[in-house]
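Structure record follows, encoded as structure tokens.
The values are calculated or read from the model by the stated rules, or taken from the named source; none is laboratory data. Being a predicted model, the structure only gives us computed values, none of them experimental. Reconstructed Cβ throughout: ideal geometry from the backbone, glycine too, with neighbour counts over all protein chains shown. Each accessible area value is taken on the protein alone, full model and side chains, heavy atoms only, with ligands, DNA and RNA left out. Shrake-Rupley method; radii C 1.70, N 1.55, O 1.52, S 1.80 Å.
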Amino acid sequence: MIDYIEKTPSADEYNTLTNSVGWGVTESGIVQTALANSLYTVCAYDGERIIGFGRLIGDGVMFLYVQDIMVLPEYQGQKIGTEIMERIVKKILDYKQVYGDLRAYLGASVGKDDFYKKFGFITREEAGLGAGMVLL
Ligand SMILES: CC(C)(COP(=O)(O)OP(=O)(O)OC[C@H]1O[C@@H](n2cnc3c(N)ncnc32)[C@H](O)[C@@H]1OP(=O)(O)O)[C@@H](O)C(=O)NCCC(=O)NCCS
């Protein structure tokens, strides 16, 4: 049975997940600060082992951003990402109840659009908006 817990993971847990999905690892202090600055974090556990994660960042009144949705490769395809996203979308809707004009964004990795479309997200193009851009 998988447990979904609204908590901040340790930097090691976070790095275990990012490394497993090919995103590498980040220095612990930076991870801790990034996670502490999040609005909402949810972890999936199989026993003591973290196997999935997602978080929301943003200003909490106008703009939210979905970040770091990830599931350990051997646990993918079992709806764990779906469970994580459902909790994130519920949290977004909680914010929208208070701040009706609030917008939630995300940057889909290559090939992941269809996963996010299941939760109502549309591309900026479909929304008649300009390109998403990034400064690396
Ligand atoms: C993307 C990810 C979070 C999905 O989690 P998951 O637990 O494997 O997904 P689920 O089992 O909940 O799948 C839900 C649905 O999305 C679909 N889906 C899953 N991964 C998909 C992908 N890469 N592309 C398109 N559809 C996908 C599934 O087929 C399933 O469809 P269904 O409801 O019609 O059966 C997971 O594959 C992952 O961690 N990938 C690596 C990290 C990553 O790229 N994260 C996204 C960053 S933008």
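Kindly indicate the residue of the stretch 79-101 that is more than 13 Å from Y4 (Cβ to Cβ) and surrounded by 13 or more Cβ atoms within 10 Å (Cβ to Cβ) and also nearest to the ligand (Cβ to nearest atom) among those meeting that condition.
Step one: of the stretch 79-101, the residues more than 13 Å from Y4 (Cβ to Cβ) are 89, 92-101.
Pick out the ones that are also surrounded by 13 or more Cβ atoms within 10 Å (Cβ to Cβ) and you get 89, 92, 95-96, 99.
Values: V89: 13, I92: 16, Y95: 20, K96: 21, Y99: 24 Å.
Among those residues, the one meeting the criterion is V89.
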Exercise. Going by the structure shown, is P9 exposed (fewer than 15 other Cβ atoms within 10 Å of the Cβ) and in contact with a helix residue (DSSP H, G or I) (Cβ under 8 Å, 6 or more places away or on another chain)?
Worked result: no
Exercise. Of all residues in the stretch 58-77 being in a strand (DSSP E or B) and away from the ligand (no atom under 14 Å from the Cβ), which is most open to solvent (accessible area, probe 1.4 Å)?
Worked result: F63
